[in-house]
Amino acid sequence: MLTLLLIVPLIGSLFILNIQENSIKNQIKMKNIAILTSVINFIISIYLWLNFDSNTTQFQFVSEFDYLTFCHLNFGIDGISLYFVLLTTFITPIAIISNYNNLYTNSNMKYFLISFLVLETLQLALFLVLDLLLFYIFFESVLPILFIIIIVYGSGEFRFRSANLFFLYTLFGSLFMLLAILQIYSYTLTTDFQLLSLYDISLDGQKLLWLAFFLALAIKTPLWPFTGWLYRAHADSPLAGSILLAATILKFATYGYMRILINFLPDATNYFGPLVQTIAIITLIYASLATIVQQDTKTLIAYSSIAHMSIVILGLFSNTIQGIEGAILLALAHGFVSPALFICVGGIIYDRTGTRVIKYIRGLATY
């Protein structure tokens, strides 16, 4: 079933690729195929959820692809990844529908739709993969596509700068993650999640590995002082890009904290817990004050997302079951609320008023 979940969006993108973009009828057909494909994937994820056994902590629906000597794909789902998979499959059709009408103005609509279907597969692969090196590959794989989406389909004269900041920030942090993964492989000779859980790494070794992983995940969260890329990326990306960025891309870090830091490096996580909580509180205060003074509605919601994610970090590193469960719940809630706010301000209000500046759209309550 997991293989089907990953392949369906790719099949839909191949169907779209074979349609000529030369008439409104064909454009409608392409958009309907993209929506139908993403809805089918959502139904598959619902089936997985209904058949998921919550009485075990083992990975379920495990599927492997080991027919190539240089590539061993190993996928599985557990209680952590299940809800992130549901969130991804739920948000993708909404993201496509949110840009349904204003896609007529884009001459490259075909590649816009294909990009979001491919993004769905890459995001699902990140949440399903059971290998540390493949986790890194899928963690980075969304960068080039989102980079192109912001530049080609984004709005605003600063979209090139926003795309570059987004790409360079996250690529810089992820290089340290790659070094840490290579170090783990040289020590254990494996990157498989289940095998890594059996190894005992010394506290000093955990500290160095933890710092490398944390830097990559802190930039993706983002935590202070790495917040500069997010609000720019949100402000200059198309509406569907903002929806995916807020709903699922930011959850990569949340998932990484739980799957890697807390799971494989627990002693270092406990050691650095006070430091992370301090950074999270600084981020919370900074982002909240920055939210108050914003005049652009998309930038306002972007800063509020940073504040929400800092509370998620506080919960994850609270060293309590209630804190971690609350953090997961808040992360999932943010995945619903933040896209809905972007649809309101970047879709409905902007399409009707032509502006995102708050002082020009006062009095909306009277309408």
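The values are calculated or read from the model by the stated rules, or taken from the named source; none is laboratory data. Quick caveat, the model's predicted, so the values are computed rather than measured. In this analysis, Cβ positions are derived from the backbone assuming ideal geometry, glycine residues included, and neighbour counts consider all displayed protein chains. We work out accessible area using only protein heavy atoms, side chains counted, and drop any ligands, DNA or RNA first. Shrake-Rupley method; radii C 1.70, N 1.55, O 1.52, S 1.80 Å.
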Extension gain, residue 270 back to residue 355 (0.36 nm per residue minus Cα-Cα distance, nm): 25.9 nm
To the nearest 0.05, the calculated FRET efficiency linking residue 208 and residue 145 through their beta-carbon distance, R0 being 35 Å, is 0.65
For the chain, how many pairs of lysine residues have a Cα-Cα distance under 18 Å, where the two are 8 or more positions apart or belong to different chains? 5
Of 162-169, 268-275, ordering from highest average Cβ density within 10 Å down gives 162-169, 268-275
Shape metrics for the chain, restricted to C-alpha atoms - Rg then Dmax, Å: 20.4, 65
Towards the positive end of the charge dipole of the stretch 156-366, with charges on Cβ (+1 Lys, Arg; -1 Asp, Glu), say which of 234, 307, 169 has the farthest Cα. 234
To the nearest 0.05, the calculated FRET efficiency linking residue 47 and residue 160 through their beta-carbon distance, R0 being 35 Å, is 0.25
With the dipole of the chain defined by +1 on each Lys or Arg Cβ and -1 on each Asp or Glu Cβ, the option from 180, 143, 81 whose Cα lies farthest towards the positive pole is 143
Rotationally averaged projected area of the stretch 185-340 (alpha carbon convex hull; nm²): 9.5
Added length on full extension, which subtracts the Cα-Cα distance from 0.36 nm per residue, residue 172 to residue 7: 56.4 nm
Hey, what's the Kirkwood Rh for the stretch 1-130 if you take every pair of different alpha carbons, in angstrom? 15.6
So residue 62 and residue 344, fully extended at 0.36 nm per residue minus their Cα-Cα distance, gain in nm 97.6 nm
Ranked highest first by average number of other Cβ atoms within 10 Å, how do 218-231, 138-151 line up? 218-231, 138-151
Would you please put 328-337, 21-30, 127-136, 357-366 in order of how densely packed they are, using the mean number of other Cβ atoms within 10 angstrom per residue and starting with the highest? 127-136, 328-337, 21-30, 357-366
Calculate what fraction, in whole %, of the accessible area of the stretch 196-299 sits on carbon and sulfur atoms when a 1.4 Å probe is rolled over the protein chains. 66
With each label point set 7 Å from Cα along the Cα-Cβ vector, what nm distance links residue 39 and residue 19? 1.4
Residue 362 versus residue 318, label points 7 Å from Cα toward the beta carbon: distance in nm? 3.9
Counting Lys and Arg as +1 and Asp and Glu as -1, each charge on the Cβ, what is the dipole of the chain about the Cα centre in debye, to the nearest 20? 1440
Relative contact order [Cα under 8 Å, 6+ residues apart], the chain, whole percent: 15
